[in-house]
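Working notes, structure below.
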Amino acid sequence: MIEIRNLTKVYGGTTAVDGLTVTVRPGRVTGFLGPNGAGKSTTMRAVVGLDRPTSGEVQVAGRRYADHPAPLREVGALLDANAAHPGRSALAHLRALAVTNGIGRARVDEVVDMVGLRQVADRRVGGFSLGMAQRLGIAAALLGDPAVILLDEPVNGLDPDGIRWIRGLLRGLAAEGRTVFVSSHLMSEMALTADHLVILGRGRLIADVSMEEMTASA
Ligand code: ADP
Ligand code: ADP
């Protein structure tokens, strides 16, 4: 579970997130919908402890990560801020993350296969397509087998097969009882993936509704 309470983040003169309060529950896919610049990435960075809120607080499974990144065993996140170093191989990136987070090597191999990167695992990440980089980010997010998973615009750069694959993956993770929080600027994408929708506009909560309510009112 993710509990966001009155979260505000100001960058210079820009209020990126403005008093956001929302709870993201386990066992379902919660879509985080809003146009570019709405504050989705900023919110997600605050949740995983990569960014300190200006005010308000975030708890993930009852813990706060305001001053340090959440451990991969607790929270996995696909975020631009977590991108792999371009000079490293995919395998080296995942192995380094595994070592710093006390995760065994066997799990690295498992996630490489899970995301379909086995063939390119020894290649430099700098040469990866956006879709391959997304798959690597997802592998990193899943590495610690976390109960809470955040993915920022995961379908970006993926082909239709990749998009279908992600949908199935997210559905499966939610069915296992995990908290799955996934952002997109596309309602059409959310309609196919999410059970629940949190809608953000200019840093503020616009709606917090089940997909059923959403489609019934449309
Ligand atoms: P979204 O993920 O919904 O596209 P963001 O959280 O990336 O939105 O951005 C929200 C607002 O905060 C935008 O106006 C963006 O320009 C601004 N912003 C985000 N990160 C920074 C930063 N590191 N420094 C300054 N402004 C930022
Ligand atoms: P290193 O340079 O030691 O390999 P990174 O700079 O890759 O470490 O990661 C720094 C921190 O960010 C780590 O504490 C790690 O837990 C966190 N981190 C990196 N990638 C992810 C990810 N995909 N999901 C969540 N946290 C991550």
Taking the Cα centre of segment 15-139 as origin, work out the dipole magnitude from +1 charges on Lys and Arg Cβ and -1 charges on Asp and Glu Cβ, in debye rounded to 20. 240
Pairwise centroid distance, computed over Cα atoms, of segment 36-60 with segment 95-148, Å: 24
Hydrodynamic radius of the chain per Kirkwood, over alpha carbon pairs, in Å: 17.4
Identify, among VAL198, MET211, VAL111, the residue whose Cα sits farthest towards the positive end of the charge dipole of the chain, taking +1 on the Cβ of Lys and Arg and -1 on the Cβ of Asp and Glu, with the dipole about the Cα centre. VAL111
Loop-only check: which chymotrypsin sites (Phe, Trp or Tyr not before Pro) in segment 113-182 are DSSP coil with at most 13 other Cβ within 10 angstrom? none
Principal-axis tilt of helix 90-100 within the chain, Cα atoms, nearest 10 degrees: 70
Translational D in µm²/s for segment 15-86 (Stokes-Einstein at 37 °C, 0.692 mPa s, Kirkwood Rh from C-alpha pairs): 247
Quick one: how many Å² of MET214 are accessible to a 1.4 Å probe, rounded to 10? 50
Taking 7 Å along the Cα-to-C-beta vector as the label spot, tell me the ARG25-ALA216 distance in nanometres, rounded to one decimal. 1.4
Taking r as the C-beta separation of GLN119 and ILE206 and R0 as 30 Å, the FRET efficiency to the nearest 0.05 is 0.10
So what is the calculated 222 nm ellipticity per residue for the chain, using -39500 (n - 2.57) for each DSSP H run with n of 4 or more, over all residues, to the nearest 500 deg cm²/dmol? -10000 deg cm²/dmol
Listed by chain and number, the residues whose amide H is under 5 Å from that of ARG28, excluding neighbours fewer than 5 places away on the same chain and using placed H, are VAL180
For the chain, take the longest principal axis of its alpha carbons; what is the angle in degrees between that and the long axis of helix 160-175, to the nearest 10 within 0 to 90? 70
Simple spin-label model, 7 Å along Cα-to-Cβ: THR14 to ARG64 in nm? 2.7
How much length is gained on full extension from THR54 to ASN156, taking 0.36 nm per residue of separation minus their Cα-Cα distance? 33.8 nm
By how many degrees, between 0 and 90 and to the nearest 10, does the Cα long axis of helix 105-114 differ from the longest principal axis of the chain? 70
I need to check one value: relative contact order of segment 83-208, counting alpha carbon pairs closer than 8 Å and at least 6 residues apart, in percent. 20
So for the chain: antiparallel DSSP bridges make up what percent, rounded to the nearest 5? 50
Within segment 152-218, list the GluC sites (Glu not before Pro) lying in a DSSP loop whose Cβ has at most 12 other Cβ atoms in a 10 Å radius. GLU176
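The values are calculated or read from the model by the stated rules, or taken from the named source; none is laboratory data. Because the structure is a prediction, the values reported are computed rather than measured. FYI the Cβ positions are ideal-geometry reconstructions off the backbone, even for glycines, and counts take in every protein chain you see. Side chains are part of the model used for accessible areas, which takes the heavy atoms of the whole protein and leaves out ligands, DNA and RNA. Shrake-Rupley method; radii C 1.70, N 1.55, O 1.52, S 1.80 Å.
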